[in-house]
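**Q** Could you have a look at this structure, given as structure tokens, before my questions?
The values are calculated or read from the model by the stated rules, or taken from the named source; none is laboratory data. Fair warning: this is a prediction, and the values are worked out from it, not measured in the lab. Counting neighbours? That spans all protein chains shown, and the Cβs are built from the backbone with ideal geometry, glycine included.
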Amino acid sequence: MKLQFAGIRRKTEFSPNHVVNDLQIINQTADSLKSLGAEVVMYDEGVITSESLKEKLVFSMVQGPIGSTTLLKIEQRGVYIINSPCAVMNCYRINMVRLLPEAGIPFPKSVIVATDSDINGRQAGFTTSKLWIKRGDVHAVHKEDVTLANTDEEELTLLKEFHQRDIKEAILQEHLDGDTVKFYAVRESGLFYWYYLNGVYHTKFDGKKLHELAISSAEALGLYVYGGDAIIGRDESITIIDINDWPSFAPIREQASRHIAELIYRKAEEHVGK
């Protein structure tokens with residue numbers, strides 16, 4: 001009997017600057033699943049309900065709170081979902097800044113603040129006013145959602161702007177100097193790909209260690225299809241600064257879609273066989 005999947009596309013507001021890339025990776029994953037012999041029905045994040053989704057196996061790029069809450073209800077009735085909505089919500093920064101350090105992952109000092117507060121960096125325990133200000137829930141939707149503030153005034157202006165947009169909590173995060181490396185990966189597969197987002201110093205570092213930290217981060221959050229960013233310090237240190245649930249895999253889309261489909265198919269077979 002053929003495995004029957006529902007695939008759920010990400011709502012475009014959660015794909016800033018990546019609408020086409022996100023659409024292509026999930027569509028190509030669906031095609032790869034079909035080539036493995038599966039049946040696939042596609043849905044959109046903005047219209048799914050707990051009643052409308054009939055399939056028992058789901059692969060999902062849902063990221064928003066409403067869609068994730070809907071999938072939580074669906075998952076609770078025994079539907080198998082990759083990535084799990086619990087894992088996706090673990091990637092919301094208010095959760096991630098706690099979970100990764102608890103798992104022993106090198107991570108920048110981060111403090112959660114209410115966006116209607118007047119707290120500055122030094123009051124929050126930082127030694128400098130140069131801080132990253134990041135919305136506390138989903139990943140960036142607007143360019144201001146992840147912004148480097150150089151002064152207390154800039155920080156407070158950003159917090160007020162978040163509050164006006166009904167974003168309740170934000171993250172104050174220390175700025176780390178070094179090279180920014182972006183990576184893509186699929187758990188339980190051979191796929192791990194990284195590149196310099198900005199290679200200022202091109203400091204040599206242990207690629208195997210980066211891979212190990214990526215895997216540990218994904219396990220801590222519960223992700224199977226993921227990506228992220230790391231800072232390579234001039235002392236060769238590696239610090240994870242962000243983990244993303246199911247990124248676009250744009251540089252390696254063809255290869256990634258096959259690995260993702262094979263993982264989903266295998267995990268679904270395991271689930272059905274229980």
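**Q** So which residues in region 87-114 are small (Gly, Ala, Ser) and more than 22 Å from Thr69 (Cα to Cα)?
**A** Selection gives Ala103, Gly104, Ser110, Ala114.
**Q** Same structure again: Restricting to region 222-235, name every residue that is of a type in the set (A, V, I, L, M) and assigned to a strand (DSSP E or B).
**A** Listed by number, the residues that qualify are Val225, Ala230, Ile231, Ile232.
**Q** Restricting to region 16-29, and then to whatever is surrounded by fewer than 20 Cβ atoms within 10 Å (Cβ to Cβ) and touching a residue at least 40 places away in the same chain (Cβ under 8 Å), can you tell me which residue is farthest from the chain's Cα centre (by Cα)?
**A** Gln28
**Q** State which residue is farthest from the chain's Cα centre (by Cα) when the search covers only region 75-90 and only residues that are among the aliphatic types (A, V, I, L, M) and under 15 Å from Phe5 (Cβ atoms).
**A** Val79
**Q** Also, I was wondering about something else. So if I check each of Leu156, Leu131, Leu148, which one is more than 21 Å from Tyr92 (Cα to Cα), of a type outside the set (Asp, Glu) and touching a residue at least 24 places away in the same chain (Cβ under 8 Å)?
**A** Working: Leu131 fails: more than 21 Å from Tyr92 (Cα to Cα); Leu148 fails: more than 21 Å from Tyr92 (Cα to Cα).
Answer to the check: Leu156.
**Q** Name the residue that is nearest to the chain's Cα centre (by Cα), counting only residues in region 236-274 that are charged (D, E, K, R) and assigned to a strand (DSSP E or B).
**A** Only one residue fits best here, namely Asp245.
**Q** Give Gly121, Gly125, Gly104, Gly136 a once-over and let me know the one that is at pLDDT below 95, within 20 Å of the chain's Cα centre (by Cα) and not aromatic (Phe, Trp, Tyr).
**A** Gly136 is the lone residue from the list that is at pLDDT below 95, within 20 Å of the chain's Cα centre (by Cα) and not aromatic (Phe, Trp, Tyr).
**Q** Quick one: Ile133 ticks every box in (1) closer than 17 Å to Gly228 by Cα; (2) outside any helix (DSSP H, G or I); (3) not small (Gly, Ala, Ser) bar one, so which box is it?
**A** Ile133 satisfies all of (1) closer than 17 Å to Gly228 by Cα; (2) outside any helix (DSSP H, G or I); (3) not small (Gly, Ala, Ser) except (1).
**Q** Can you find a residue in region 220-231 that is touching a Gly at 6+ places or on another chain (Cβ under 8 Å), crowded, with 22+ Cβ neighbours inside 10 Å and of a type in the set (A, V, I, L, M)?
**A** No: region 220-231 contains no residue that is touching a Gly at 6+ places or on another chain (Cβ under 8 Å), crowded, with 22+ Cβ neighbours inside 10 Å and of a type in the set (A, V, I, L, M).
**Q** Those residues that are crowded, with 20+ Cβ neighbours inside 10 Å and of a type in the set (S, T, N, Q), I need them from region 165-200; list them, please.
**A** Selection gives Gln173 alone.
**Q** Moving on to the next point. Name the residue, out of Ser60, Ser35, Ser52, that is surrounded by fewer than 21 Cβ atoms within 10 Å (Cβ to Cβ) and at pLDDT 95 or above.
**A** Ser35 is the lone residue from the list that is surrounded by fewer than 21 Cβ atoms within 10 Å (Cβ to Cβ) and at pLDDT 95 or above.
**Q** Here's a follow-up. Can you name every residue in region 188-204 that is touching a residue at least 40 places away in the same chain (Cβ under 8 Å), of a type outside the set (Ser, Thr, Tyr) and within 18 Å of Ala250 (Cα to Cα)? Spell out how you get there, then give the answer.
**A** Within region 188-204, the first condition is being touching a residue at least 40 places away in the same chain (Cβ under 8 Å), and the residues that meet it are 188-191, 193, 195.
Restricting the remaining residues to those that are of a type outside the set (Ser, Thr, Tyr) gives 188, 190-191.
Listed by number, the residues that qualify are Gly190, Leu191.
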